[in-house]
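Inspection log for the structure reproduced underneath, given as structure tokens.
The values are calculated or read from the model by the stated rules, or taken from the named source; none is laboratory data. Since the model is a prediction, treat every value here as computed from it, not as a measurement. Virtual Cβ from ideal backbone geometry, glycine too; neighbours counted across all protein chains shown. We work out accessible area using only protein heavy atoms, side chains counted, and drop any ligands, DNA or RNA first. Shrake-Rupley method; radii C 1.70, N 1.55, O 1.52, S 1.80 Å.
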Amino acid sequence: MEGLGRVAAGMGREGPEPVRELVRRTLWLMNDESGGLLWNGPQVLGAVLAHVPVLRAELASVLASFLEEEPFRVGTRWALWRLALVAPETVREIGADLAASLADPDPAVRGHAALALRAAGNAVPDLERDRAAFLLFDPRTGELRETSVARAAAGEP
């Protein structure tokens, strides 16, 4: 995803239209009607928006619209965390929706929601008792590792 985000940044140097086309194609492949299913579509959108600032205001809400769509629930929260790392203000306003995710039965949903909330500057409740593990790709280090919801909520992914 990060590589595609960087490619999108290069594509957007001449103007945003080629990147918009990439986003349109990504959204189409996330749609049942396409005949396929781009499971990592939200992560693609998050990486693109992290690297192409001119499209954030236009497309951040489109990304957030996938919060409760299967199979995109975890990926959308990761993508919002990715975006919040570089532009917290674009994610801050959906803090209530992310906070509701902290009660989800899936630890990956809870953990990624906590990361996105913290990166956006929203309050994150104390989840130190939530030791459930989940896999995390950290775009800052390029590392894939296991962490816990408690660590994510504490800001120690």
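Give me the compactness ratio for segment 1-142, meaning the Cα radius of gyration over 2.2 N^0.38 Å.
1.02
Could you state the accessible area per residue of segment 42-113 in Å², with a 1.4 Å probe and every protein chain left in place?
Working: 2640 Å² over 72 residues.
Spelled out: the 1.4 Å probe surface of segment 42-113, per residue, equals 37 Å².
Under a plain spin-label model, where a point goes 7 Å from the Cα along Cα-to-Cβ, how far apart in nm are residue 33 and residue 68?
So the two model labels end up 2.2 nm from each other.
Where the centroid of each part is defined by its Cα atoms, how far is segment 87-132 from segment 3-69 in Å?
Computed from Cα coordinates, the inter-centre distance equals 22 Å.
At a 1.4 Å probe, what is the % contribution of carbon and sulfur to the accessible area of segment 46-157? Let's see the in-between values first.
Working: 2560 of 5020 Å².
Carbon-and-sulfur percentage of accessible area, whole number: 51.
Based on the mean of other beta carbon atoms within 10 Å per residue, what is the order of 78-90, 35-47, 52-64, most packed first?
Details: 78-90: 22.8, 35-47: 20.8, 52-64: 17.5.
In descending order of packing, they fall as 78-90, 35-47, 52-64.
Give me the orientation-averaged projected area of the Cα convex hull of segment 30-79, in nm², one decimal.
Working: hull surface 13.3 nm².
Result: a mean projected hull area of 3.3 nm².
As an exercise, use a Förster radius of 25 Å and the Cβ-Cβ distance of residue 57 and residue 103 to find the FRET efficiency, rounded to the nearest 0.05. Please list the in-between numbers first.
Details: r = 30 Å, r/R0 = 1.20.
Given R0 = 25 Å and the Cβ-Cβ separation, E is 0.25.
Under a Cβ-only charge scheme (Lys and Arg +1, Asp and Glu -1), can you give me the dipole magnitude of the chain about the Cα centre, in debye to the nearest 20? Please report the intermediate quantities before stating the final value.
Details: 17 positive and 22 negative charges, 82 e Å.
Magnitude of the dipole: close to 400 debye.
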